[in-house]
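Report on one structure; see the data block that follows.
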Amino acid sequence: MKKYIILLLMAQLTWGQEPTKRIEFEAPESYPEGVAFDKAANVFYVSSARLGTVGKVTKDGKYSELYADKTLKSTYGLKVQPDGKRLFVCAGDANYSKFSTPDTKKKMARLVIIDLKTGKKINDIDLAGLIPGEHFPNDLDFDKQGNVYITDSFADAIYKVDKAGKATVFSTSELLKTAGVGPNGIVFHQEGFLLVANNGTGALIKLPVSSPNTGTKVKIDQFFPGADGMLLNDTTTLTVVQNGGVNKIFKIKSSDNWTTAQVAESTSVEDRFAFPSTAAISGSETWIMNANFSELAEGNNVPSKKFSLQQAVFAPVKK
């Protein structure tokens, strides 16, 4: 009996834990999916799967619109270019847009580039014509030469846009293929390869830049179905955001240049992330976008007004 009471008290204490720190902001109906941090301005940029806008969020939770364009339906992954002057944004119409039309639904794929000083669009690159079929431009990253790589989660492909703005198909590797949502989070590694999360299969893919249609699955002790955004913390450490009901953030480590890897740390289920989608680093802190997409999937008739960035606090995973 005493043992039962102790276990009950422990359970109550566990479930009574407060989630980690949040930056709450009011952006009615926006449902942000992507997040990027601007070191120079000390602000976050967030996308909008429902409205197609790009917003700015301060550390104290003040939201303002950075860019709006009536031709955009949904915005997803976004990143500040390493020069700190431009914001690159994946724009499409995959699922939740309030302004979706038959002409754009699962057809639009654009890379929008915004000047951060003026807030104006300086380039708008069409990716939809590169591959026939359905499209979902989802996430992106840069290499050392300034090229940008964009995942298309419906076309099971990765595009490359060079510094001059020329777009090409970079990879259609068999490892990217899956039913539903395919390649999602993507990072460039300085040793000359990309790491890509296959959302559908849960596999982590290593694609050499010199041979992008080959590649291998990183050998790891678990799969990550619902894997979304990723961050490369350093050459041996990768942060992976997983939703799909798991709703946890993982740190994965590799000691052999990403031939194999192991889960080293994770957040706690008690942190109660709300459909976490992407991550951004601010100083020593990792911040996660709570996309709240479960509300949209359930057909919520009253869209949320408030959203949050939530700090990820990691603890070692017990082996």
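The values are calculated or read from the model by the stated rules, or taken from the named source; none is laboratory data. This is a predicted model, so every value here is computed, not measured. Every residue, glycine as well, gets a Cβ built from its backbone with ideal geometry; the counts of neighbours run over all protein chains shown.
So the values come out like this:
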{"read-out": "Selection count, segment 153-179, where residues are of a type in the set (D, E, K, R) and under 11 Å from Ile131 (Cα atoms)", "value": "1"}
{"read-out": "Test: Phe88 is out of contact with any helix residue (DSSP H, G or I) (no Cβ under 8 Å at 6 or more places or on another chain) and over 23 Å from Tyr159 (Cβ atoms)", "value": "no"}
{"read-out": "Pairs with Cβ under 6 Å, 6+ apart, first in segment 259-283 and touching a residue at least 40 places away in the same chain (Cβ under 8 Å) and closer than 22 Å to Lys206 by Cβ, second assigned to a strand (DSSP E or B) and among the charged types (D, E, K, R)", "value": "Thr260/Lys219; Gln262/Lys253; Ala264/Lys251; Ala264/Lys253; Glu265/Lys251; Ser266/Lys248"}
{"read-out": "Strands (runs of 3 or more DSSP E) lying entirely in segment 216-284 (those with 3 or more residues that are within 14 Å of the chain's Cα centre (by Cα) and hydrophobic (A, V, I, L, M, F, W, C))", "value": "227-234, 237-242, 276-282"}
{"read-out": "Residue identified as under 20 Å from the mean Cα position of the chain (by Cα), among the small types (Gly, Ala, Ser) and either surrounded by fewer than 16 Cβ atoms within 10 Å (Cβ to Cβ) or at pLDDT below 95 (or both) among Gly84, Gly55", "value": "Gly84"}
{"read-out": "One residue from Leu140, Leu176, Leu207 being touching a Cys at 6+ places or on another chain (Cβ under 7 Å), hydrophobic (A, V, I, L, M, F, W, C) and either closer than 19 Å to Val80 by Cβ or surrounded by 24 or more Cβ atoms within 10 Å (Cβ to Cβ) (or both)", "value": "Leu140"}
{"read-out": "Unique match (being within 16 Å of the chain's Cα centre (by Cα), part of a strand (DSSP E or B) and free of Cβ contacts under 8 Å to residues at least 60 places away in the same chain) among Tyr76, Tyr149", "value": "Tyr149"}
{"read-out": "Test: residue in segment 184-204 that is more than 22 Å from Gln81 (Cα to Cα) and in contact with a helix residue (DSSP H, G or I) (Cβ under 6 Å, 6 or more places away or on another chain)", "value": "no"}
{"read-out": "Candidate set: segment 109-119, residues that are in contact (Cβ under 8 Å) with a residue 24 or more places away in the chain and in a loop (DSSP other than H, G, I, E, B); chosen: the one nearest to the chain's Cα centre (by Cα)", "value": "Leu116"}
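To keep it simple, each residue is scored yes or no on (1) closer than 21 Å to Leu51 by Cβ; (2) out of contact with any Pro (no Cβ under 7 Å at 6 or more places or on another chain); (3) at pLDDT below 95; (4) not in a loop (DSSP other than H, G, I, E, B).
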site	(1), (2), (3), (4)
Phe88	yes, yes, no, yes
Ala91	yes, no, no, yes
Ala94	yes, yes, no, no
Asp103	yes, yes, no, no
Lys107	yes, yes, no, no
Leu140	yes, yes, no, yes
Ala155	no, yes, no, no
Lys160	no, yes, no, yes
Leu195	no, yes, no, yes
